[in-house]
Amino acid sequence: MQIICEKEKLLKALLKCQGITSTKLSLSILSNIYLKAKDNHLHLFTTNLEIGLECKIKVNLLKEGEVVISSKKLFDIVKESPTNEILISKDEKEVVISCEKTTYKLNYVSEEEFPRFPEINKEKSFSIPSFILKEMIKKVIFASSLDTFRYVLNSIYLSISGSNIEMVATDGYRLATINKKLDNKKFDFNSLDLAVIIPNKTLQELSKITNDDEEKIDFFIEENQISFKGNDFVLNSKLIEGNYPNYKELIPHENKNKFHIDRRVFLNTCKRVSIISNNQLFFTLSSDSLAISSYTPEIGSCNEEVKVKYQGDDLKISFNAKYLIDVLKNIEEEEICFSFEDEKRAGLISYDESYKYVILPMRIKVD
């Protein structure tokens, strides 16, 4: 194996792999990266057994071959290279990496030891543009759970029905859902009707490696696997088995109390007031006025009034500050609507019918 790579192209591909490769895993082979040079391309493979990623870049191919070496060491070497051209070659004993006047010699392991992801049936497939995929992931993934004891919630629920594609995430205290209607012919939906549970880690990595443009991302789904294919990558992942909560029952539909507010104003106010207490914010609503306050016995209090378009009864209600800030910083729309039935039932943040964010209120202690 002997190739000449452009530093920036190789570094970009290696950076995509770093999110999946881990040095903390008990199986040491998984801290490595599998390189395969053929057809004027370098293919880079990495896996943690739950997720597998293949990236490819164009190279000057002098000799075909394959090798498995340390992913982190290769990344660091390329990152610190003083030259744009990097020569990588393999002999019987080691891999030699030459960067101008610097030469590295790395040990390698047999490529036969490196685990492969099984091939996925291409029958159940569809595609959507990268920018829509990234938007949908961004607007829901923050609401997914990080609790390892509730594994089915460490995920995003993806459902497709006809030309509708929906993503849902919840941690049991809040829920985000986004729905898009896409052109069947343009995006190859093939009249699919399916639902799968995808690990949030998978979609985090997918969002990192995709561009915010019109690039078509192909989806391939089997019983317990999903594959995403872009122009220069293939990401494979196991699916989560189990039953996702009946989230539609949790979404309020007829909230009599509601206000409209500029999203940036609301976000910045919540940030300022939460300096005193990053846990709980109190909302006092009357007429066209919203007062947001916080209080911590050991520190003090904060209160800020904001003009809003409010319809409803005079009301005092409380929400988790972080849960509010999370949604407000992950959507881009100028104005949002916040509605609730009363101080004990879930609130709903939306900007149109395609997006809903449900948040449970916090109990207000009475002295």
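Pick from ILE57, ILE20, ILE77, ILE69: which is at pLDDT below 95 and within 30 Å of the chain's Cα centre (by Cα)?
ILE20
With the structure loaded, tell me whether VAL140 is assigned to a helix (DSSP H, G or I), modelled with pLDDT under 95, among the β-branched types (Val, Ile, Thr) and under 28 Å from the mean Cα position of the chain (by Cα) or whether it fails that test.
No.
Could you tell me which numbered condition VAL308 fails, if it satisfies all but one of (1) farther than 30 Å from ILE132 by Cα; (2) surrounded by fewer than 18 Cβ atoms within 10 Å (Cβ to Cβ); (3) of a type in the set (A, V, I, L, M)?
The single condition VAL308 does not satisfy is (2).
Of the residues SER354, SER287, SER277, only one is surrounded by 16 or more Cβ atoms within 10 Å (Cβ to Cβ) and in the same structural domain as ASP262 (by TED's automatic domain parsing); which?
Just a single option satisfies the conditions, and that option is SER277.
So, ASN243, is that one part of a loop (DSSP other than H, G, I, E, B) and surrounded by fewer than 15 Cβ atoms within 10 Å (Cβ to Cβ) or not?
Answer is yes for this residue.
Got a sec? Which strands (runs of 3 or more DSSP E) wholly within the stretch 4-118 have at least 2 residues that are buried (at least 18 other Cβ atoms within 10 Å of the Cβ)?
32-38, 41-47, 51-58, 65-70, 85-90, 95-99
In the stretch 315-332, which residue that is in a helix (DSSP H, G or I) and of a type in the set (A, V, I, L, M) is surrounded by the most Cβ atoms within 10 Å (Cβ to Cβ)?
In the first step, residues of the stretch 315-332 are kept if they are in a helix (DSSP H, G or I); the result is 321-330.
This time we only want the ones that are of a type in the set (A, V, I, L, M), so: 321, 324-325, 327-328.
Numbers: ALA321: 22, LEU324: 25, ILE325: 19, VAL327: 21, LEU328: 21.
Top of the filtered list is LEU324.
Do we find a residue being at negative phi, of a type in the set (S, T, N, Q) and at pLDDT 95 or above anywhere in the stretch 172-180?
Yes; the residues of the stretch 172-180 include at least one that is at negative phi, of a type in the set (S, T, N, Q) and at pLDDT 95 or above.
Can you pull out every residue in the stretch 247-287 that is in a loop (DSSP other than H, G, I, E, B) and either at pLDDT 95 or above or not polar (S, T, N, Q) (or both)?
ILE251, PRO252, HIS253, GLU254, LYS256, SER274, ILE275, ILE276
Is there a residue in the stretch 334-344 that is in contact with a Lys or Arg (Cβ under 8 Å, 6 or more places away or on another chain), of a type outside the set (S, T, N, Q), surrounded by fewer than 15 Cβ atoms within 10 Å (Cβ to Cβ) and part of a loop (DSSP other than H, G, I, E, B)?
Looking for residues that are in contact with a Lys or Arg (Cβ under 8 Å, 6 or more places away or on another chain), of a type outside the set (S, T, N, Q), surrounded by fewer than 15 Cβ atoms within 10 Å (Cβ to Cβ) and part of a loop (DSSP other than H, G, I, E, B), one finds at least one in the stretch 334-344, hence yes.
Being outside any strand (DSSP E or B), modelled with pLDDT of 95 or more and either more than 14 Å from ASN255 (Cβ to Cβ) or of a type in the set (S, T, N, Q) (or both) is the requirement here; does LYS365 meet it?
In short, no.
Any residue that is at pLDDT below 95, among the acidic types (Asp, Glu) and part of a strand (DSSP E or B) - is there at least one of those in the stretch 200-223?
yes
Scan the stretch 97-115 for residues that are closer than 23 Å to ILE51 by Cβ and out of contact with any strand residue (DSSP E or B) (no Cβ under 8 Å at 6 or more places or on another chain) and jot them down.
Result: GLU112, single match.
Going residue by residue through the stretch 90-101, is there one that turns out to be modelled with pLDDT of 95 or more, of a type in the set (Gly, Ala, Ser) and more than 14 Å from ALA37 (Cα to Cα)?
yes
Which members of the stretch 81-96 meet the condition of being in contact with a strand residue (DSSP E or B) (Cβ under 9 Å, 6 or more places away or on another chain), free of Cβ contacts under 8 Å to residues at least 12 places away in the same chain and not aliphatic (A, V, I, L, M)?
The one that is in contact with a strand residue (DSSP E or B) (Cβ under 9 Å, 6 or more places away or on another chain), free of Cβ contacts under 8 Å to residues at least 12 places away in the same chain and not aliphatic (A, V, I, L, M): LYS93.
If PHE149 satisfies all but one of (1) assigned to a strand (DSSP E or B); (2) surrounded by fewer than 21 Cβ atoms within 10 Å (Cβ to Cβ); (3) modelled with pLDDT under 95, what's the number of the condition it fails?
(1)
So for the stretch 122-135 (the condition being within 30 Å of LEU203 (Cα to Cα), in contact with a helix residue (DSSP H, G or I) (Cβ under 8 Å, 6 or more places away or on another chain) and surrounded by fewer than 17 Cβ atoms within 10 Å (Cβ to Cβ)), does at least one residue qualify?
No - not one qualifying residue is present in the stretch 122-135.
The values are calculated or read from the model by the stated rules, or taken from the named source; none is laboratory data. Since this is a predicted model, take the numbers as computed values, not measurements. Here Cβ is always computed from backbone atoms with ideal geometry, including for glycine, and neighbour counts include all displayed protein chains.
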